[in-house]
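Below is one structure, written out as structure tokens, with a few remarks after it.
The values are calculated or read from the model by the stated rules, or taken from the named source; none is laboratory data. Only a predicted model underlies this, so the values are computations on that prediction, with no experimental measurement involved. No Cβ is skipped: glycine too gets one built from the backbone with ideal geometry, and neighbour counts run over all protein chains shown.
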Amino acid sequence: MGRIARLELENFKSYGGAHVVGPFQRFTALVGPNGSGKSNLIDAISFVLGVHSRHLRSTQLKHLIHKAPSDDDTTSARAAAVTLVYELADGEAPPSASQKKVRFTRLISEKGVGSYRIDARDVSAETYQAQLKELGILVKARNFLVFQGDVESIASKSPDELTKFFEQISMSDELKAEPGSEKEKLSQQLDRVTNKLRDLKGDKRQSQAEARQAETLETLKRVYPGVRGRLVDLSKPIQRKYNMAVTVATGKHMDAIVYLRESRAGSAQFIPLDKIRVKPINERFRGLGYNIKMVVDVIECDAEIEPALHYAVGDTVVCDSIDIARDLCFHRNEKVKAVTLDGMVEVGALQQQKDDLIDTIRAMERHGASYAKLQSLRTQLEGLRSRLSHAKADLVITETKRPKIQARIDEAKKRMAEIIEPELQKYGGAVSSRKGSIAALQEQINGVEDEMFADFSEAVGVESIRVYEEKVLKRHHKAIEMRRKITEHEAKLRAQKERKEQEGLRKNLSAKVEELEKELREIGSKKAKYEERKGKIQRRIASEEIVLERLKDHKTGIFKRASLDQVTLPTIAYQSSNGTEDVEMEEANATVIDSTYKQLAKNSKHPLGATAYLNLENAEEPYLNGMKYNAMPPMKRFREMEQLSGGEKTVAALALLFAIHNYRPSPFFVLDEVDAALDNANVNKVSTYIANCDFQCVVISLKDSFYEKADALVGVCKNITLQQSKSMTLDLTKFD
């Protein structure tokens, strides 16, 4: 494995200016008094390896820059940098590479922005971490680092916390979000397809309704030649910006007629052009200012359609904004309906209508006493009914007298005829004489007309002017009939064209709907397959974990019996190529944890008397619960972790940390005062174990019995005056 060769610091935390720490050996101990800056060196290593600032006892990167002790910030550093010189092992460097060392540099600008370099070449954070990963240094898993206090926290973790810790180390927690994200993507895609399908179905229904309406209108045009069409088709705004205002102003008057009801074709309002009575436009509204215009002035239509347009919009005005409309209707008290360019409506007349209704209600309340008068009227009604019965009796008497009266009337008519008949005959002769005189006068008039228009009649080739007038009249009526037929034919052609367009649109929409429904079915099928596959995988995992747990319990029992009988069992490493990361880690660590703990806890009397192992809380459904870590020191009965002493917890936690490092090995391991809770005997065991490891260890320790076994010492001290840390390195391998 490779190793840290040296560390170069510039204005990092308590290390003001430039510092070179090293060279580091395979087992290097950092020593010095409290507050001298030893932990800042660990922070420097963590920082240059990409650890987040929140793990370095700082909230922001700029807080890691060295600060002068005085209040004057002019002497403080503006930027900071840490460089780790990594010495490559033989297998780590490519055969063609000339250098054997790699310089990893992380910088902080004066604005607190971080950047990365590899061998003086600027790289991204992703490239930086990828290069570290190739060397076995996992920044997210932090497989190279144990901060001060991590040992105690690991020993006191709950089963769920311990499980999350293993997931972080194995990086399986990054895979948790993948199934959820894929499911969320499918769900969003399904929602989009469903919404699009619903919109297309709505468009289809609207298109069908419009097609039926157009067909009905053409039918009405054929049945009733006087039908001109819809007002919206016969008029249009003079500018596009008035579209919404005109739509709101014209409104929608729904009033069914007989023909439409009988054919169930819908309902519509008919506006008769020859009988409609339109209220004259109030010309005063054309001069209201604020660029206010009458709606009738912003619509173009034929002159014969104008009465219908005036009927639909009346005195409505269009304003540029809702504020102008409100000022017009409420502050200036104009009794006018106002619409804006975006279709908002303010109706000033509604306020007057409201006032009238309130007055009516108050009047009804004032006349509540009229009930007594109503009772009086009822009494009068009874009197009138009595008089009516008497009148009916008189009518019967009158009916008996009617024949005599009728006979007298007939006699009077007969005598009148005898008197009037001679007069009628006398005046009838006079009428006949007058008719003859009229006919003679008409002949004289015709003769005069023939004489006056003789030249014109000869020029046009007719007998008389009357014949010419008769022919012209017939020609005029015929032209009118031809224009009517042409108009009807054009309307029929337009209707046919619109029907074809609607049919094409309907077919396109139907095809899109079918395509989307097919896509929706495919997505549903895929989802069902994914759910089925997920269920099978989960059942298989649960089944395998049950079997695994039983085997583990059986193995643990064997180890316990062998330990009690002081029998050494041969162990082999086991790796599963098909299991998940957590299962691989647990299987790999099961033996390593116990073996490491035995080495850390053994003594001359009981060299194999210690046991450590991991257990699942729920073997039947392990994914529902966490895992527990237990350790039994030599010649001690089983106890929970919280019942062990501080030293025993530390040894057990170190065994777990070294086992994890064995599973995710990095070329070096950095430990910050992991021996704080150990007594001298356990310190000796831990230091001996570290001295025999095949990877580089950098450890902070305050105990001489620990660092006396180191290969190199890095002494850290502090200049009290400048408040700056300094370091000195001593290579102990020269004194072996």
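Is it the case that some residue within region 705-721 is assigned by TED's automatic domain parsing to the domain that holds R6, within 51 Å of the chain's Cα centre (by Cα), outside any helix (DSSP H, G or I) and aliphatic (A, V, I, L, M)? Outline the logic, then answer.
Narrowing region 705-721 to residues assigned by TED's automatic domain parsing to the domain that holds R6: 705-721.
Restricting the remaining residues to those that are within 51 Å of the chain's Cα centre (by Cα) gives none.
For region 705-721, residues assigned by TED's automatic domain parsing to the domain that holds R6, within 51 Å of the chain's Cα centre (by Cα), outside any helix (DSSP H, G or I) and aliphatic (A, V, I, L, M): absent.
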Filter result (surrounded by 18 or more Cβ atoms within 10 Å (Cβ to Cβ), touching a Pro at 6+ places or on another chain (Cβ under 9 Å) and at pLDDT 85 or above) within region 119-152: L135, I137, F144
Total residues in region 691-728, condition free of Cβ contacts under 8 Å to residues at least 24 places away in the same chain and of a type outside the set (A, V, I, L, M): 5
Those residues of region 6-27 which are assigned to a loop (DSSP other than H, G, I, E, B) and either farther than 19 Å from P69 by Cβ or not assigned by TED's automatic domain parsing to the domain that holds K726 (or both), in sequence order: G22, P23, F24, Q25, R26
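Take the conditions basic (K, R), loosely packed, with under 13 Cβ neighbours inside 10 Å, farther than 30 Å from P622 by Cβ and modelled with pLDDT under 85 and apply them to K474. Does it pass? Give the derivation first.
Details: basic (K, R): yes; loosely packed, with under 13 Cβ neighbours inside 10 Å: yes; farther than 30 Å from P622 by Cβ: yes; modelled with pLDDT under 85: yes.
Here the answer is yes, as K474 does meet what is asked.
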Filter result for A612 (within 27 Å of A677 (Cβ to Cβ), surrounded by 13 or more Cβ atoms within 10 Å (Cβ to Cβ), of a type in the set (G, A, S) and at pLDDT 65 or above): yes
Scan of region 617-672 for residues that are under 30 Å from L41 (Cα atoms) and assigned to a loop (DSSP other than H, G, I, E, B), ordered by number: R664, P665, S666, P667
Odd one out for I299 among (1) modelled with pLDDT of 80 or more; (2) within 21 Å of D327 (Cα to Cα): (2)
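Listed here are the residues, each with its yes/no results for (1) at pLDDT below 90; (2) more than 18 Å from I108 (Cβ to Cβ); (3) not assigned by TED's automatic domain parsing to the domain that holds Y15.
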residue: A29; (1), (2), (3): no, yes, no
residue: P33; (1), (2), (3): no, yes, no
residue: K38; (1), (2), (3): no, yes, no
residue: I45; (1), (2), (3): no, no, no
residue: V48; (1), (2), (3): no, no, no
residue: S53; (1), (2), (3): yes, no, no
residue: T59; (1), (2), (3): yes, no, no
residue: H63; (1), (2), (3): yes, no, no
residue: S70; (1), (2), (3): yes, yes, no
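The rows are residues; the columns are (1) at pLDDT 70 or above; (2) surrounded by 15 or more Cβ atoms within 10 Å (Cβ to Cβ).
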{"site": "I154", "(1), (2)": "yes, yes"}
{"site": "K157", "(1), (2)": "yes, yes"}
{"site": "E161", "(1), (2)": "yes, no"}
{"site": "K164", "(1), (2)": "yes, no"}
{"site": "E167", "(1), (2)": "yes, yes"}
{"site": "E174", "(1), (2)": "no, no"}
{"site": "A177", "(1), (2)": "no, no"}
{"site": "Q189", "(1), (2)": "yes, no"}
{"site": "R192", "(1), (2)": "yes, no"}
Breaking point among (1) surrounded by 15 or more Cβ atoms within 10 Å (Cβ to Cβ); (2) at pLDDT below 70; (3) not β-branched (V, I, T), for P607: (1)
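Results for (1) modelled with pLDDT of 80 or more; (2) farther than 17 Å from R277 by Cα; (3) of a type outside the set (G, A, S), shown as yes or no for each residue.
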residue: I305; (1), (2), (3): no, no, yes
residue: A308; (1), (2), (3): no, no, no
residue: V317; (1), (2), (3): yes, yes, yes
residue: I324; (1), (2), (3): yes, yes, yes
residue: H331; (1), (2), (3): no, yes, yes
residue: T340; (1), (2), (3): yes, yes, yes
residue: G343; (1), (2), (3): no, yes, no
residue: E346; (1), (2), (3): no, yes, yes
residue: L350; (1), (2), (3): no, yes, yes
Subset of region 124-156 that is in a loop (DSSP other than H, G, I, E, B) and among the β-branched types (V, I, T) - its residue that is nearest to M627 (Cα to Cα): V139
Residue under evaluation D199, criteria (1) assigned to a helix (DSSP H, G or I); (2) at pLDDT 75 or above; (3) acidic (D, E); (4) over 30 Å from A511 (Cβ atoms), criterion not met: (4)
Residues located in region 458-471, provided they are outside any loop (DSSP other than H, G, I, E, B) and surrounded by 10 or more Cβ atoms within 10 Å (Cβ to Cβ): E458, V460, I465, R466, V467, Y468, E469, E470, K471
Where K512 falls short, out of the listed (1) out of contact with any Leu (no Cβ under 6 Å at 6 or more places or on another chain); (2) in a helix (DSSP H, G or I): (1)
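Here is a check on your reading of the model: is K221 at pLDDT below 75, buried (at least 18 other Cβ atoms within 10 Å of the Cβ) and either of a type in the set (K, R) or not in a helix (DSSP H, G or I) (or both)? Even if it seems obvious, please write down each step before you answer.
On the way: at pLDDT below 75: yes; buried (at least 18 other Cβ atoms within 10 Å of the Cβ): yes; either of a type in the set (K, R) or not in a helix (DSSP H, G or I) (or both): yes.
Answer is yes for this residue.
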